[in-house]
Amino acid sequence: MEQNQLHLIVGLGNPGTEYAQTRHNVGFEVIDILAKRHSIPLKKRQHQAVFGEGTISGKRVVLTKPMTFMNLSGQAVGQLLRYYKIPVGNCIIILDDLNLALGRLRLREKGSAGGQNGLDNIIKCLNTPEVPRIRIGIGSARPGQMVNFVLSRFSREEQPMIDEAINLAADAVETAVAESFQTAMNRYNINGTS
């Protein structure tokens, strides 16, 4: 199997139990679901990340959670891409998005960070905006409340919607790996409202 068939799947979030299940950590939750579905233990700790190697649909993947805190995510992503010699096009970033309606997914092959600091750092560290990404809508904050909002947990009413979105994002990763990111875009960009 060619080395470039390896995919780096990166869920963004903040390490530490105090940040678990917060809006900013939905990327970590997608990685946890994929790890469980495909029996990929997240046991390796190096390159400023926790990660595990395994397969999805017969293709090799590295499931990754950067341990740098959100704003420095690019350090871990850059180190792992270089270590495994993975092209940027085979890297998928999963992140939260304040500008999307709660539970909506948006898949893009490239573009700006859209105000998301983790993705912004990745784009800067890799020196390219052409990084495939899956954004998960977490709802919008009131003016001046962004930091508190992204570090808050979902309400009981919101939880079913975000659980569905996290599972759909995991489905989208599986589709991207098994078929193509373009196929995943066509299939999963239509869910949700607004």
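Every read-out reported here was derived from the displayed coordinates using simple, explicitly stated rules and does not represent laboratory data. Source: prediction; values computed, not measured. Don't worry about glycine lacking a Cβ; one is built from the backbone with ideal geometry, like all the others, and counts go over all protein chains shown.
Fully extending the segment from Asn167 to Ala20 would add 51.2 nm, taking 0.36 nm per residue of separation and subtracting the current Cα-Cα distance. Rounded to whole Å, the principal axis extents of the Cα atoms in the stretch 98-189 read 36, 31, 15, largest first.
Under the criterion of Cα pairs below 8 Å and six or more residues apart, the relative contact order for the chain equals 25 percent. In summary, the convex hull built on the alpha carbon positions of the stretch 41-141 has an orientation-averaged projected area of 6.6 nm².
Of all beta bridges that DSSP places with both ends in the chain, some 55 percent have antiparallel geometry. Total lysine pairs in the stretch 3-188 at Cα distances under 27 Å, for residues eight or more apart or on different chains: 19.
For the stretch 117-145 and the stretch 1-80, compute the distance between their C-alpha centroids and round to whole Å. Using only Cα atoms, the two centres lie 16 Å from each other. If R0 equals 41 Å, the separation of the Cβ atoms of Glu179 and Gln159 corresponds to a calculated FRET efficiency of about 0.85.
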